[in-house]
Amino acid sequence: MINKSKNYDDLLYSLPLNIRNIIIKLDEYLKEGLEEIRLRIDKPLMVYVNNQERFLSTDGNIVNSPNLAYIVTNEDCEKALQLISKSSIYAFENELRNGYITIKGGYRVGICGKCVLDGESVKTIVNISGFNYRIMRQCIGSSDEIMRYIVKYPDVVNNTLIISPPQCGKTTLIRDIARNISNGMPKLNFHGEKVSIVDERSEIAACFKGIPQNDVGYRTDVLDLCPKHIGILMMIRSMSPKVIITDEIGKVEDISSIHEALNAGVSIITTVHGNDIEDVARKKYIDEMLNNREFDRYVILSRKLGAGTIEAILDRDFNAIFKGPYRKECKTIC
């Protein structure tokens with residue numbers, strides 16, 4: 001729970017003082033359900049909590065009208081930028097061009113403002129006017145019940161594609177899958193394998209200064225903020241993984257590098273946005289992988305019972321081998 005996390009101070013002290021004092025005053029049940037804290041210059045302070053957007057007043061109460069909410073100032077946003085960048089924004093330019101900065105504890109702060117372009121690429125962001133503090137929660141054990149479909153005694157890991165709409169827990173799930181493959185699962189007689197994570201957006205392992213802030217297992221290596229198609233090849237050549245895990249494939253370069261991994265005998269676990277197998281089959285480049293039966297398992301997620309609901313697990317021929325909806329309650333760590 002967020003208020004009992006050893007990392008919670010890292011989040012609090014990255015907030016400007018006025019906002020910090022408001023968040024501290026939140027009721028405990030709101031802190032436990034907190035997902036986002038939104039700062040926009042001259043706009044009401046907002047949080048996303050328990051699947052709802054809400055306004056916050058100066059005394060830390062939920063209010064129904066934006067006129068009763070605390071109004072974020074330019075000074076608040078200037079201080080927020082200083083705090084999340086440790087007063088050295090240039091040191092974070094590589095992250096900033098992707099629109100966010102990852103702070104200690106694994107929390108990600110999204111940033112909006114004016115983009116400075118270098119050709120067709122974003123060089124940096126200036127005149128910053130908005131922040132989205134995303135509350136990272138790791139659900140230890142969220143993949144436990146489905147691991148028997150993903151690993152087989154003694155050392156087989158099925159190529160797995162997780163299909164999910166946004167905000168349905170796909171990254172949380174693959175993070176826990178990485179932990180289980182890496183550490184092993186004695187109850188399945190699975191002893192653990194070397195895992196390489198290519199974490200293009202610093203979401204799976206949530207590295208801070210190169211160190212994973214999430215538990216992704218002790219046989220796991222992480223390549224942070226590296227494009228998937230480059231990172232997959234780097235990991236194959238340098239870290240001799242049994243399994244490569246990455247998030248949100250879709251580009252032709254991603255598919256090509258996955259083929260390189262499969263040809264090298266490396267198992268792949270990855271995700272794609274979609275509602276079901278039919279939806280994904282309409283996506284360019286992904287359809288060919290489905291037609292060629294390149295994945296052994298398909299895990300389909302929804303929010304029917306909350307984020308992380310498993311609707312179904314399909315085999316390589318798209319036959320259902322597990323039917324939901326099912327959602328495992330697990331130990332949540334911020």
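The values are calculated or read from the model by the stated rules, or taken from the named source; none is laboratory data. Bear in mind the structure is a predicted one, so any value in this text is a computation, not a measurement. Cβ sites come from the backbone with ideal geometry, for glycine too, and all protein chains shown count toward neighbours. With ligands, DNA and RNA removed, areas are computed over all heavy atoms of the protein, side chains included. Shrake-Rupley method; radii C 1.70, N 1.55, O 1.52, S 1.80 Å.
A few remarks follow.
- Contour excess over end-to-end distance, with Cα ends at D42 and Q167 and 0.36 nm allotted per residue: 42.2 nm
- When the P(r) is computed for the range 180-334, the part past 26 Å accounts for 30% of the Cα-Cα pairs.
- Multiplying the residue separation of I140 and N263 by 0.36 nm and subtracting their alpha-carbon distance yields 41.1 nm.
- Label sites at K86 and R148, each approximated as a point 7 angstrom past Cα along Cα to Cβ, lie 4.7 nm apart.
- Remark: C-alpha extents of the range 1-147 on the principal axes read 49, 46, 24 Å, sorted largest to smallest.
- To the nearest ten degrees, helix 170-183 and the longest principal axis of the Cα atoms of the chain are 60 degrees apart.
- Heavy-atom accessible area per residue - the chain, 1.4 Å, Å²: 47
- Shown for the range 1-120: the carbon plus sulfur share of the solvent-accessible area, taken with all protein chains present and a 1.4 angstrom probe, equals 47%.
- Residues of type lysines that K283 reaches as a straight line, Cα spacing below 29 Å, ignoring anything fewer than 8 places off in the same chain: K170, K228, K242, K251, K304, K323
- Ranking of C139, C168 by solvent-accessible surface, largest first: C139, C168 (1.4 Å probe, protein heavy atoms only, all chains present).
- Accessible surface of the range 121-215 [probe 1.4 Å, protein heavy atoms]: carbon and sulfur percent: 50
- For the chain, the 222 nm mean residue ellipticity estimated from helices alone, with every DSSP H stretch of n ≥ 4 adding -39500 (n - 2.57) and the total spread over all residues, rounds to -7000 deg cm²/dmol.
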